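The block underneath contains the structure these notes are about, expressed in structure tokens.
Readers should treat all values here as calculations from the given coordinates under stated rules, not as data from a laboratory. Keep in mind the model is a prediction, meaning the values are calculated, not measured. Cβ coordinates were reconstructed from backbone atoms using ideal geometry, including for glycine residues, and neighbour counts include every protein chain displayed.
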Amino acid sequence: MHTTLPTPTDKINSTPVGGAARYGERVRDAAKYWAHPAVPGVDLMRARFVRHAFGRHSHPTFAIGVVERGLERLRIGDRTEYVGPGGLVLINPDVVHTGVPATAGGWAYRVLYPPAQLLAELTGAASPWFAEPLVDDRDAAGAVLAAHGAAEQGDALTSSTLLLTTLAGLGARHGQTRRDHASQAAPAGTCQAATARDILVERLVDPPSLDELAAIVGTGRFALARAFRHRYGLPPHAYLNEQRIRRACALLEMGQPPSAVAAAVGFADQAHLTRHFRRVVGVPPGQYRRKNVQDR
């Protein structure tokens, strides 16, 4: 079924953060992160990254982005993709990926972070899923930019209408229902990896060592590390830090200061939190905490 997507309008400002650099001017990383003004649970980011590199990480939500300028190198699974202007990126929840500048000029882009529940409601799919992380669909990319720009302007009716229509259209054009692999034989170590994951989530502040974790779940440390990475895309220590960041996001949204959040999730101090937070989210904790207040 073909779904009509909103058409971008000249009234929507899609100029990347910082605009174009003049000759000889030093280009700096810049990012804006905020909550959608009319659709709860949806976050947005507009950024230009020249030096910043996203390490291996995932999101609890979908990440739907369009590059406006420059070139990004995206690593997802065993694939390396290069995303230029107009490139539409569709990353599913909990899928590990990276994002780094592919040229000296970096890249500028806009990203939507809608929760899976919203996509499910809009598409009617129990477990919505995008089959391809990078698609060539200029109409859809333009619709994402239009919805993103409207959200930045803060018009509740226009921005919510464009966002919901765009997400429904993306689901119809590029989405599918995630296949259920429950009936297939699970790889060796899957149960131990799942148990280890639960332990790490419960013990963010005082995590066990790899040896202790392996002993608790009843396997060897190398077998556990291998099974864990196969199942979750990250080694146990990296997964622990990602879960700390997710918990930090929740506490920051509740208004807690970054210094208190750092201690609450197991980081040594605020600087330690900030370093890991930026590698995953793209902005420092203090800016994320202020996401519900738009700076127009």
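With θ set to phi - 60° and the Karplus curve 6.51 cos²θ - 1.76 cosθ + 1.60, what are the ³J(HN,Hα) couplings of segment 105-116 in order, to the nearest whole Hz, using x for Gly and Pro?
Running phi through 6.51 cos²θ - 1.76 cosθ + 1.60 with θ = phi - 60° gives x, x, 8, 10, 7, 10, 10, 9, 10, x, x, 4 Hz.
Which FRET efficiency value, to the nearest 0.05, do you get for Arg28 and Thr190 by plugging their Cβ-Cβ distance into 1/(1 + (r/R0)^6) with R0 = 45 Å? Show your work: numbers first, answer last.
Working: r = 44 Å, r/R0 = 0.99.
For Arg28 and Thr190, the calculated efficiency is 0.50.
Would you mind working out the magnitude of the charge dipole of the chain relative to its Cα centre, with +1 at each Lys and Arg C-beta and -1 at each Asp and Glu C-beta, to the nearest 20 Debye?
700
Place +1 on the Cβ of every Lys and Arg and -1 on the Cβ of every Asp and Glu in the chain, take the dipole about the Cα centre, and give the residue among Val135, Ala35, Thr98 whose Cα lies farthest towards its positive end.
Thr98
Treat the chain as a sphere of radius equal to its Kirkwood radius over Cα pairs and apply Stokes-Einstein at 4 °C in a medium of 1.567 mPa s; give the translational diffusion coefficient in µm²/s, rounded to a whole number. Please list the in-between numbers first.
Values: Rh = 20.2 Å.
It diffuses with D of about 64 µm²/s by this estimate.
Given the C-alpha atoms of segment 87-134, compute the convex hull and give its volume per residue in Å³.
On the way: hull volume 4.4 nm³, N = 48.
Dividing the Cα hull volume of segment 87-134 by its residue count gives 91 Å³.
Considering the zone a paramagnetic label at Val205 would reach in this model (a point 7 Å from Cα along the Cα-to-Cβ line), which residues of segment 247-285 have amide N under 17 Å from it?
Taking a point 7 Å out along Cα→Cβ of Val205, the residues of segment 247-285 whose backbone N falls under 17 Å are 247-252, 256-270, 273.
How would segment 35-80 be classified by its alpha-carbon gyration tensor: rounded, prolate or oblate, with rounded meaning a/c under 1.5 and the a/b versus b/c comparison settling the rest? Please list the in-between numbers first.
Working: a/c = 2.26, a/b = 1.45, b/c = 1.56.
It is oblate, given that a/c is not under 1.5 and a/b is not larger than b/c.
So what is the relative contact order for the chain, in percent, with contacts set as C-alpha pairs under 8 Å and at least six apart?
Numbers: 538 pairs, mean separation 54.8, N = 296.
So the answer I get is 19 percent.
Simple spin-label model, 7 Å along Cα-to-Cβ: Thr98 to Arg229 in nm?
Using points 7 Å along Cα→Cβ, the separation is 1.3 nm.
At 37 °C and a viscosity of 0.692 mPa s, what translational diffusion coefficient does Stokes-Einstein give for segment 190-289, taking Rh as the Kirkwood radius over Cα pairs? Give it in µm²/s as a whole number.
On the way: Rh = 13.9 Å.
Diffusion coefficient, whole number: 235 µm²/s.
How high is the relative contact order of segment 190-289, in percent, counting Cα pairs under 8 Å that sit 6 or more residues apart? If you can, show how the numbers build up before the last one.
Values: 103 pairs, mean separation 23.4, N = 100.
It rounds to 23 percent for segment 190-289.
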